[in-house]
Amino acid sequence: MNFSNFKKANFYKQISTDNVLLILILLVATVLRFYNFNEIPYINDELSALFRARFDTFGELIEKGVLIDGHPAGVQVFLYYWIKIFGTSEFAVKLPFMIMGVFSVLYIYKIARFWFNSSVGLIAASFLSCLQYTVMFSQIQRPYGSGIFIALALVWFWTGYFLGENKFKIKNISGFIVFGALSAYNHHFSLLLLGLLGIMGLFFIKKDNYRLYLLSGVVIFILYLPHLRIFFYQLNVGGVGGPNGWLAPPENDFIYKYLKYVFHFSKLMYLLTFIVICTGVFLFFKNKEYKNNLKMKFRIISFMLFALSFLIGFYYSIYKAAVLQYSVLIFSFPFLLIFLFSFYSELSKIFKITLVMSILIISTYSLIKERKHYEIFYHQGFRECVNQTLKFKESGNSCAVLFNGYEDFYLNYYEKLFNKKTNALNFNIDTVSIYKFSKMVKAQHTDNLIWASPLPTNLFYQEIIKESFPYLINKSLGFGYEVYLFSKNKSTITDAAVFKSCLSFDKSEQFWNYDINNVINDSIVKNKACEFKTDQEWGPLFEAKLKDILSNKFNYLYVSVKTKLLNKNANPMLVVSIENEKKECISWHTSDFKDFLHMRIDGKVYLSLRMADIADFNLNDNLRVYIWNKQKDNFIIDDFEIRVETGNPLFYSLVTDF
């Protein structure tokens, strides 16, 4: 196959229909990415990138803005110079990535059309234009939106070099070199794709093209040489899955969950994709397309580009350091689409129109209505957290604000955007002890207090706040953020519990088991309590099936217990575990008493969970809550409470079903 042959074979008969459909697909892709573009907020990673682009010199940028990040320097260096010219507004910073997102749709069409036919190109482009996976990452200034475009352009010029007309050889190999270098500087997984593609090119080498192809590899390596120090430094650190990283190794069902995510967790999208794939496979065998060796070679290449990217990432994450996330597979994802729909031969005009329109309409509907992309993605992160904080602050007088805002730069950016001050006490909760946080709350002498966090935080901070501000007045919950307004004054607004059980040891309670011989009359609180003696390791047990206490998988679980230590060095643990029907522990969580008491001998201990943080629990699993007196100390407990609240279904909604 070559470009001159490609221009034949019914191309002129189809050009009008194909072009109209392609323009329609590109128009849909543009609208979905640019809709209400001034209201697309930064995600936290984008604010981090801006924060790391404020240095005066290029050397500082590399040392303090790139090395510590875990990503190659390409996007960060681009951002460094881009904002010097165009500023730091959300739209200005996101614009190049949104444009590249649209051009990615064009390039997947061009590649699939050349490798197979225009029908495959139109189908693949239709999906790429509408899936939330590709739409969202095109709206984010990170190496994913740029990477998918660079990967597709790289493959286009690679294809043109081997199979294009000779007069374009230099142009195509030059494009391959440029986009090869950009791939290396963009992301480590786009560098991986470059390596895989380079090896696959060896299967196309002939006498007249091998010298220039091998030379192009040498040139790309030379262009990458300045980055080797950064590469090896980040490789040794281990990135987000290293010793100090937050990313866990993938489970064996990662690819299954990934495909569910890609296709919107939607039965409608599953059905659409299934029908489109099965129709293509049926036509493939009917038309005996398997006899075309060149197309079969491209089919294998498209599959292997995705499969090897996944497998290398998966096993590296298992045996070295966790790096595999949904985002890093986006560079090879277009080739998965090409493979899935590569079985189509050229379709009739009416069939082609029907198929493309069905994909565009159903996928767009699913994006907007099922995934609620514009409701959720446009109201998340720091921007929405600051916006809601300002609204809550304006709704009442005498209001303090505690803001888990990481760096002041993040909060200040949106205060400047809204032209209003939150007057928040801003800090990074990970650097503040529970005792210090409690002191911060008690130091607020206002009637109301706002607790705002645009980052995942432990729920027990709300419980600590309630010790001083016991009434919940209002709340705003969204993707990745939560804002709560608490008050000292009683309100008619309450956060109704889905389930609540408190063991006070004065009567039996459902789901509770304890030794009645340990119940005492406590002289301090003037009621019954439970005493742990030095020969007792385990305490009162709450045990219930999750289906008996939860209303959905997004519920929040709050556990608390009052305690008085009779030995000031005692350090029991509050334990929550979840066991499956085989009595195997699938989740185990603890709170040390000393973390909450901090040198005191009495107080309250908390343990809280987002149920969505627990992977693959079943409603038939058992929840077990108890005290573990590991050191066999002497202490008293009372008011052992289990409470379940509705929770925040949107907290992980951009990457999970909800």
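The values are calculated or read from the model by the stated rules, or taken from the named source; none is laboratory data. These figures come from a predicted structure and were not determined experimentally. Here the Cβ positions follow ideal geometry from the backbone for every residue, glycine too, while neighbour counts run over all protein chains shown. Each accessible area value is taken on the protein alone, full model and side chains, heavy atoms only, with ligands, DNA and RNA left out. Shrake-Rupley method; radii C 1.70, N 1.55, O 1.52, S 1.80 Å.
So the values come out like this:
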| read-out | value |
| --- | --- |
| Residue that is modelled with the highest pLDDT, among those in region 222-243 that are assigned to a loop (DSSP other than H, G, I, E, B) and under 25 Å from TYR185 (Cβ atoms) | GLY238 |
| Pair list, Cβ < 7 Å and 6+ apart or interchain, from region 69-89 residues that are open to solvent by 60 Å² or more (accessible area, probe 1.4 Å) and modelled with pLDDT under 95 to residues that are in a helix (DSSP H, G or I) and of a type in the set (Val, Ile, Thr) | none |
| Residue pairs meeting the criteria (Cβ under 8 Å; at least 6 apart or on separate chains; first at pLDDT below 85, in region 492-506; second among the β-branched types (Val, Ile, Thr)) | ILE493/ILE473; ASP495/THR646; ALA496/THR646 |
| Exclusive hit being small (Gly, Ala, Ser), part of a helix (DSSP H, G or I) and farther than 30 Å from CYS278 by Cα, set ALA92, ALA124 | ALA92 |
| Which listed residue is open to solvent by 40 Å² or more (accessible area, probe 1.4 Å), part of a helix (DSSP H, G or I) and either touching a helix residue (DSSP H, G or I) at 6+ places or on another chain (Cβ under 9 Å) or in contact (Cβ under 8 Å) with a residue 12 or more places away in the chain (or both), from LEU212, LEU196 | LEU212 |
| Qualifying residue in region 428-444 (condition: part of a loop (DSSP other than H, G, I, E, B) and over 28 Å from the mean Cα position of the chain (by Cα)) | yes |
| Number of the condition not met by MET573 [criteria: (1) surrounded by fewer than 16 Cβ atoms within 10 Å (Cβ to Cβ); (2) under 26 Å from PRO456 (Cα atoms)] | (1) |
| Of all residues making up region 308-325, the number that are among the hydroxyl-bearing types (Ser, Thr, Tyr) and closer than 25 Å to GLY280 by Cβ | 1 |
| Candidate set from region 394-451 (those that are of a type in the set (Gly, Ala, Ser) and touching a Ser or Thr at 6+ places or on another chain (Cβ under 9 Å)); member that is most open to solvent (accessible area, probe 1.4 Å) | SER398 |
| Pair list, Cβ < 7 Å and 6+ apart or interchain, from region 359-382 residues that are within 16 Å of SER129 (Cα to Cα) to residues that are buried (at least 22 other Cβ atoms within 10 Å of the Cβ) and among the aromatic types (Phe, Trp, Tyr) | ILE359/PHE127; SER363/PHE127 |
| Region 36-60: number of residues that are farther than 29 Å from PHE377 by Cβ and in a helix (DSSP H, G or I) | 3 |
| Residue ID - farthest from the chain's Cα centre (by Cα), chosen from residues in region 510-556 that are within 30 Å of GLU581 (Cβ to Cβ) and among the charged types (D, E, K, R) | ASP515 |
| Residue in region 249-262 that is out of contact with any Ser or Thr (no Cβ under 6 Å at 6 or more places or on another chain), under 30 Å from GLU63 (Cβ atoms) and among the aliphatic types (A, V, I, L, M) present | no |
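A quick yes/no check of all residues on (1) more than 18 Å from ASN117 (Cα to Cα); (2) at pLDDT below 95; (3) not polar (S, T, N, Q):
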| position | (1), (2), (3) |
| --- | --- |
| VAL328 | yes, no, yes |
| PHE341 | no, no, yes |
| SER345 | no, yes, no |
| ILE353 | no, no, yes |
| LEU360 | yes, no, yes |
| SER366 | yes, no, no |
| ARG371 | yes, no, yes |
